[in-house]
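A.B. asks: This structure is in structure tokens; I'll ask about it shortly.
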Amino acid sequence: RVAILGCGMMGQEHISYIQKYDDLVIDFLCDPNEDSIEIALSLIHNGKYPRVVPDEKQLLEQVTKIDLLVIASPNYMHTPQLLCWSQHEITILVEKPVAISEKQVSALKAAEPKMKANIWVAMEYRFIPAINKLIQHLPEVGEIKKVTIRENRYPFLTKIQEWNKDVDKSGDTLVEKCCHFFDLFRLITGQEMQSCV
């Protein structure tokens with residue numbers, strides 16, 4: 001029993017993946033944007049249409065009917081939503097980044113001992129086939145001296161109300177986009193980052 005909290009571009013991507021598993025059923029879609037809901041509904045092809053809930057408060061009232069919550073809302077909402085939903089015994093897949101400021105990180109650290117949910121952060125770059133192949137070959141390479149990642153990409157996509165271009169809502173490029181690379185550095189080296197220069 002799955003609920004999607006945030007049905008914009010990333011929520012729609014998660015819906016398309018979930019559709020591939022017969023044992024997963026999307027029971028709830030939650031987003032205040034009607035266009036996002038309409039597109040999300042069009043992606044569901046299993047004949048089991050979810051209940052549409054316009055706000056998170058109404059969705060939270062259904063928590064006992066949810067096994068997996070996918071949080072795919074704008075970045076700045078991830079921490080407050082995790083703080084709320086993690087008080088329940090469910091599984092949460094939250095889009096990256098989990099937090100966009102030191103204040104949000106501190107709030108999550110303070111709440112962590114009381115969290116009841118199983119939480120997984122969607123850091124999908126680690127599952128790219130080329131990255132998996134690289135990891136397999138690491139023993140042949142020998143000691144890692146340095147890891148460099150370069151990405152050639154297009155500008156930020158256009159999202160609802162352009163929230164992803166607002167530093168206070170996205171966390172800026174270092175958080176919004178580069179968190180994938182920080183995760184890969186950790187995965188490849190097997191070490192935690194100490195600083196960023």
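The values are calculated or read from the model by the stated rules, or taken from the named source; none is laboratory data. No experiment lies behind these values; they were computed from the predicted model shown. Cβ sites come from the backbone with ideal geometry, for glycine too, and all protein chains shown count toward neighbours. In case anyone asks, the SASA skips ligands and DNA or RNA and just uses the protein heavy atoms, side chains included. Shrake-Rupley method; radii C 1.70, N 1.55, O 1.52, S 1.80 Å.
A.B. asks: Using the structure shown, decide if residue 107 is modelled with pLDDT of 80 or more and in a helix (DSSP H, G or I).
C.D. replies: The answer is yes for residue 107.
A.B. asks: Here is a follow-up. Residues 126, 150: which one is among the basic types (Lys, Arg), part of a loop (DSSP other than H, G, I, E, B) and out of contact with any Pro (no Cβ under 6 Å at 6 or more places or on another chain)?
C.D. replies: So the residue among 126, 150 that is among the basic types (Lys, Arg), part of a loop (DSSP other than H, G, I, E, B) and out of contact with any Pro (no Cβ under 6 Å at 6 or more places or on another chain) is 150.
A.B. asks: Could you tell me which residue of segment 145-171 is modelled with the highest pLDDT, considering only residues that are open to solvent by 60 Å² or more (accessible area, probe 1.4 Å) and among the aliphatic types (A, V, I, L, M)?
C.D. replies: By that ranking, first place goes to 160.
A.B. asks: Looking at segment 1-55, which of the residues that are within 20 Å of the chain's Cα centre (by Cα) and among the charged types (D, E, K, R) is nearest to residue 158 (Cα to Cα)?
C.D. replies: Restricting to residues being within 20 Å of the chain's Cα centre (by Cα) and among the charged types (D, E, K, R), the top hit is 13.
A.B. asks: Now for a separate question. Could you identify the single residue in 187, 174, 138 that is touching a Lys or Arg at 6+ places or on another chain (Cβ under 9 Å), among the aliphatic types (A, V, I, L, M), surrounded by 12 or more Cβ atoms within 10 Å (Cβ to Cβ) and assigned to a helix (DSSP H, G or I)?
C.D. replies: Going through 187, 174, 138 in turn, just one is touching a Lys or Arg at 6+ places or on another chain (Cβ under 9 Å), among the aliphatic types (A, V, I, L, M), surrounded by 12 or more Cβ atoms within 10 Å (Cβ to Cβ) and assigned to a helix (DSSP H, G or I): 187.
A.B. asks: Mind listing whichever residues of segment 5-24 are aliphatic (A, V, I, L, M) and either within 21 Å of residue 86 (Cα to Cα) or loosely packed, with under 15 Cβ neighbours inside 10 Å (or both)?
C.D. replies: So the first thing to find is which residues in segment 5-24 are aliphatic (A, V, I, L, M), and the list is 5, 9-10, 15, 18, 24.
Across segment 5-24, the qualifying residues are 5, 10, 24.
A.B. asks: So which residues in segment 85-104 are in contact (Cβ under 8 Å) with a residue 24 or more places away in the chain and open to solvent by 40 Å² or more (accessible area, probe 1.4 Å)?
C.D. replies: 87, 88, 89, 91, 101
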